[in-house]
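Q: Below is the structure I would like to discuss, written out as structure tokens.
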Amino acid sequence: MTDNNIFGNTKRFNDSIELINKLETPKFQKILSRVVNKIGHKSERIFTESEESILQNIFKITSSEFKGILECCSFIFEQTAYYSLSPNNLVNQLKKTMLNDDKTSCFQSVWEDNCESVLNFLRTQSIAPLQLNEVGWRLHYQMSSSTAIKRHASAIMELDFKTDNSNNNNNNNNNNNNNNNNNDKMILEFNKEQLLEFYNKLENIQEKLDTLA
Amino acid sequence: MTERVSYLGYNIPSEVKNMIPVCQKFEQTFIRDILSMVVLYMKTKKINLVKKEEEDKLNQITDSIHDKLTVSSNEKKVDPNLSSIVFTGLYYILKIALKKKVSNQIFVADITDLKLPQPLITDLTNIYNTQGKDLTERSNNDKILFPQLSSLKWRVDVIISSSFTSRVLNPVILMEMNDNNGKSKVFEVSIDNFHKLRYNVAKLLKDLEDLEQIQILSKLENK
């Protein structure tokens, strides 16, 4: 009886499965498609508060039961995504739980429609605290100045970064007001030789990437 | 022979004008001291004071110049304000000459026109001849700039699996950039963004080279 159930056999999971079994199938399918679109997006609400209360009234369940159901569905999808199961494998796994067959086929059809996009999204998720977001640049030709005498060309680049906010929210709430402008961008100036050097470094990186492919 | 306007301009700057009568009254050795202080100041003053030590050094030198001026003025029973006027005037004479890159002959000619005492004229021309190149080079390097990239370190990683999904196999790049001001950033660049970056740098480089082809700019250079 020890089959490898990727969903585990905890009481909470099994209770939520029982609740799911009691729901009506077509409405359940719509909930599922919403849930599947949201996996991987941390801290985004699946349903707004008003939608939640409407759904709770329709299904005649309490809010804690509803949350349990949503969490259970998200969990099923997250595990499916982690193991990259095909829809058929998902059905096999779900058969090992106590889920009804009609609900299982709901899961199967929703996963069939969405698995490509979900997996692609998850593969590009990164946990780095800082990521390059945008690149902007200007080319200047300095005609004259109060200090230097020679004219020269200069290139100014601005690199914008995206921070990973969900982890930093607690630590940085105090620092945010002071550091907001400092953390998110970097401004660099280059003359011709420096720009050429930078370009050559980027070419090196590209070479290495080509050997990978 | 057409009359040439002095390099100081058609209207001689008031700082220089005010200095001339004062110079006649001062002793030569004193003026020579002031002149050496002017040169010292010109060598250390920069707009682009990046490091703290440079800033401290400049402050030190300005303070010592100020002290020396007041002390020497008191010794010789001269008003310290007058010595400051001489300092400013000499500074201007040298600064404008360097900025306009006047030749030595023009420099000598215009200084003599100012009717300064002869020893001072010889001192000034000596300094202009010997130190001129050094000072010009310094002010050429003293540019107002945004921070510049001092180092770029990178590595290419291939993500095998992650907590989101167990089979990823995507390459990703990690970079560390340090700039002149000491700011350091470690960040990740996805492949798409890396291509964006590379394209932008290449385009920028091409535009820079196109700039050099523009005829009028090279004519300006030669002027």
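What follows is calculated from the coordinates using simple rules that are stated; it is not laboratory data. Remember, predicted model here, so these are calculated numbers, not experimental data. Every residue, glycine among them, receives a Cβ derived from its backbone with ideal geometry; neighbour counts consider all protein chains shown.
Q: Which shape class applies to the stretch B:1-42: rounded if a/c is under 1.5, otherwise prolate when a/b exceeds b/c and oblate if not, where a ≥ b ≥ c are the square roots of the Cα gyration tensor eigenvalues?
A: prolate
Q: Follow-up. Between their Cα atoms, which of B:K46/B:K206; A:K185/B:K100; B:K17/B:K68; A:K42/B:K203; B:K68/B:K115 are more than 30 Å away from each other? Don't skip to the answer; put the middle values down first.
A: Numbers: B:K46/B:K206 32 Å; A:K185/B:K100 39 Å; B:K17/B:K68 24 Å; A:K42/B:K203 37 Å; B:K68/B:K115 27 Å.
Listed pairs above 30 Å: B:K46/B:K206; A:K185/B:K100; A:K42/B:K203.
Q: Also: Loop-only GluC sites (Glu not before Pro) in the stretch B:51-118, please: DSSP not H, G, I, E or B, and at most 15 other Cβ atoms within 10 Å.
A: Working: sites: B:E53, B:E54, B:E55, B:E75; in loops: none.
Answer by residue number: there is no such site.
Q: Which ordering of A:M98, B:M177 is given by a fewest-first count of other beta-carbon atoms within 10 Å?
A: Details: A:M98 12, B:M177 19.
Lowest to highest Cβ neighbour count: A:M98, B:M177.
Q: Okay, next question. What is the spin-label model distance, in nm, from B:K203 to A:S63 if the labels are put 7 Å beyond Cα along the C-beta direction?
A: 5.0
Q: Where the only charges are on Cβ atoms (+1 Lys, Arg; -1 Asp, Glu), what is the dipole of the protein assembly as shown about its Cα centre, to the nearest 20 debye?
A: Numbers: 55 positive and 55 negative charges, 190 e Å.
Dipole magnitude for the protein assembly as shown comes out near 920 debye.
Q: What list do you get for B:K203, B:K52, A:K103, A:K38 if you sort them by fewest beta carbons within 10 Å?
A: Working: B:K203 12, B:K52 8, A:K103 20, A:K38 16.
Starting with the residue having the fewest Cβ neighbours, the order is B:K52, B:K203, A:K38, A:K103.
Q: Restricting to DSSP H runs of at least four residues, report the calculated mean residue ellipticity at 222 nm for chain A, -39500 (n - 2.57) per run over all residues, nearest 500 deg cm²/dmol.
A: Values: 9 runs with 127 residues, N = 213.
When only DSSP H runs of four or more count, the value is -19500 deg cm²/dmol.
Q: Could you check which residue among A:S84, A:S105, A:S50 shows the biggest mean-square fluctuation in a GNM of chain A with a 10 Å Cα cutoff?
A: A:S50
Q: Still on this structure, please answer the following. Where does helix B:28-44 land angle-wise versus the long Cα axis of chain B, in degrees 0 to 90, nearest 10?
A: That helix lies at roughly 10 degrees to the long axis.
Q: I need the chymotrypsin sites (Phe, Trp or Tyr not before Pro) found in the stretch B:4-109, filtered to DSSP loop residues with at most 16 other beta carbons within 10 Å of theirs.
A: Answer in residue order: B:Y10.
Q: Put a dot 7 Å past each Cα toward the Cβ at A:D101 and A:F75; how far apart are the dots in nm?
A: About 2.6 nm, to one decimal.
Q: How far is helix A:192-212 tilted, in degrees, relative to the longest principal axis of the Cα atoms in chain A, given as a value from 0 to 90 rounded to the nearest 10?
A: The answer is roughly 30 degrees.
Q: Okay, moving on. For every helix of n ≥ 4 consecutive DSSP H residues, a contribution of -39,500 (n - 2.57) applies; sum these over chain B, divide by its total residues, and give [θ] at 222 nm rounded to the nearest 500 deg cm²/dmol.
A: Numbers: 8 runs with 139 residues, N = 223.
-21000 deg cm²/dmol, from helical runs alone.
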